[in-house]
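Below is one structure, written out as structure tokens, with a few remarks after it.
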Amino acid sequence: MHYLKFHPCKQLEPFVECYFVWQSGNEPVRELVVESPPNGFCSIVFNSGDIYFLQNKKHNRLEVPAAFVAGQSIYSYKLFLNGNISIAGIVFKPAGLATLYDLPMHEYTEERIDLRNLFAVSLVNEYASAIAATPDAKQKAHLLEGFVMKQFELVKPVPDYIDQAANLIIEKNGMLQVNELIEMIYMSRRSFERRFLKKVGLSPKYYARIRRISYLTNIISGKKKADWAKIFSECEYYDQSHFIKDFLEFTGRTPQQYLEENKELANLVEKPREQELD
């Protein structure tokens, strides 16, 4: 099983975090369950493999569309996969989808929306067919970049203060105060929070909390043991109880339970390898 990540071109860096390609290759999976904590990113995804299902706080068993927009996740979610995995996607910076496509991201939180309900069916079918037709991961990533570049050239977007504030939260791994952001942009707190919610899908304070948890779970990903005292200190939690409370809220289990339950998956799904697009 292969999971590859590709960096976007310079023009798209303010809006796109990366492209990913996940393939099971010649060995179809059997009843694989993949759990993911919320990561603070939205995405557009094309599935060329077998149908799979999603479970989250909002949906008990959602059949995921073949091509879809994924809004922000508030809590951990599970994917139930069986058969051939061939999934390729665009991971956007927190406000990138709204800036490029003028989408109200607060309406898509915890949702997977069929791409054909949002964009021209002919456009979606064209790229879905092309992505499915090539087995080469890098070529799939080039097609994903072409999909975004088509919109970029049409609207010529410029990152605004919400893009900048949300990207700073990413850069700081959620470890900053909302007041710091407001001081930078000279805007009332109410206006900032309203516009942030519309473009990112969450309030700035809640979004920062999610980014910190995402950073934390990435630290322990694939590990058999963790130095919890060191980790909660590095992530700037006031004390251990605060750390455990946040972890329980977003993942549904204690840090040690999460670590134990994800050991087996770490052996099946390799850590993403990052590559440049030529």
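Since every read-out is calculated from the coordinates, none of them should be taken as a lab result. Just so we're clear, the structure is a prediction, and the values are computed from it rather than from any experiment. Every residue, glycine among them, receives a Cβ derived from its backbone with ideal geometry; neighbour counts consider all protein chains shown.
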Check: Between N179 and M1, how many nm apart are label points set 7 Å from Cα along the C-beta direction?
Finding: 4.5
Note to self: Please report the spacing between the Cα centers of segment 127-145 and segment 17-40 in Å, no decimals.
What the structure shows: 17
Note to self: Report the rotationally averaged projected area of segment 2-156 based on its alpha-carbon convex hull, in square nanometres.
What the structure shows: 8.5
Note to self: If I model segment 161-264 as equal point scatterers sitting on the Cα atoms and use the Debye formula, what is log10 I(q)/I(0) at q = 0.16, 0.19, 0.23 Å⁻¹?
What the structure shows: -0.73, -0.92, -1.16
Check: Do you know the relative contact order of the chain, to the nearest whole percent, from alpha carbon pairs under 8 angstrom that are 6+ apart?
Finding: 24
Item checked: Karplus 3J(HN,Hα) series, Hz, for segment 57-65 with 6.51 cos²θ - 1.76 cosθ + 1.60 (x for Gly, Pro) -> 4, 9, 10, 7, 7, 9, 6, 6, x
Next item on the list: Pick out, in residue order, every one of the chymotrypsin sites (Phe, Trp or Tyr not before Pro) in segment 182-228 that is DSSP loop and has at most 13 other C-beta atoms within 10 Å; say none if there are none.
Entry: Y186
Next item on the list: Please turn the phi angles of segment 84-98 into ³J(HN,Hα) values with the Karplus equation 6.51 cos²θ - 1.76 cosθ + 1.60 (θ = phi - 60°), one per residue in order, whole Hz, x for glycine and proline.
Entry: 8, 9, 8, 10, 10, x, 10, 9, 8, 4, x, 10, x, 5, 5
Next item on the list: First select every other residue whose beta carbon is under 10 angstrom from the beta carbon of Q55; then total the charges, Lys and Arg +1, Asp and Glu -1.
Entry: +3
Item checked: Amide hydrogen neighbours beyond the local backbone of Q275, cut-off 5 Å, H modeled -> K5, F6, H7
Check: Quick one: if you stick a label point 7 Å off each Cα along the C-beta vector at D278 and E234, how many nm between them?
Finding: 3.6
Margin query: Given Cβ point charges of +1 (Lys, Arg) and -1 (Asp, Glu) and nothing else, what value in debye, to the nearest 20, does the dipole of the chain about its Cα centre take?
Written below: 500
Next item on the list: Among V155, P135, V21, flag the residue with its Cα farthest along the positive direction of the charge dipole of the chain, charges on Cβ as +1 for Lys/Arg and -1 for Asp/Glu.
Entry: V155
Check: Amide H of G49: which non-local residues (sequence gap of 5 or more, or other chain) have their own amide H closer than 5 Å, using H built in the peptide plane?
Finding: S86
Notebook entry, point to check: In nm, to one decimal, how far is the modelled label at S36 from the one at R253, with both set 7 Å along Cα→Cβ?
Noted result: 1.8
Notebook entry, point to check: Cross-link list K140/K224; K199/K225; K172/K230: which exceed 29 angstrom alpha carbon to alpha carbon?
Noted result: K140/K224; K199/K225
Next item on the list: Starting from the amide H of N39, placed 1.01 Å from N in the peptide plane, find each other amide H under 5 Å away whose residue is 5 or more places distant or on another chain.
Entry: S73
Item checked: Vicinal HN-Hα couplings computed from phi for segment 187-196 (Karplus, 6.51 cos²θ - 1.76 cosθ + 1.60; Hz; Gly/Pro x) -> 9, 5, 4, 4, 5, 4, 5, 5, 6, 5
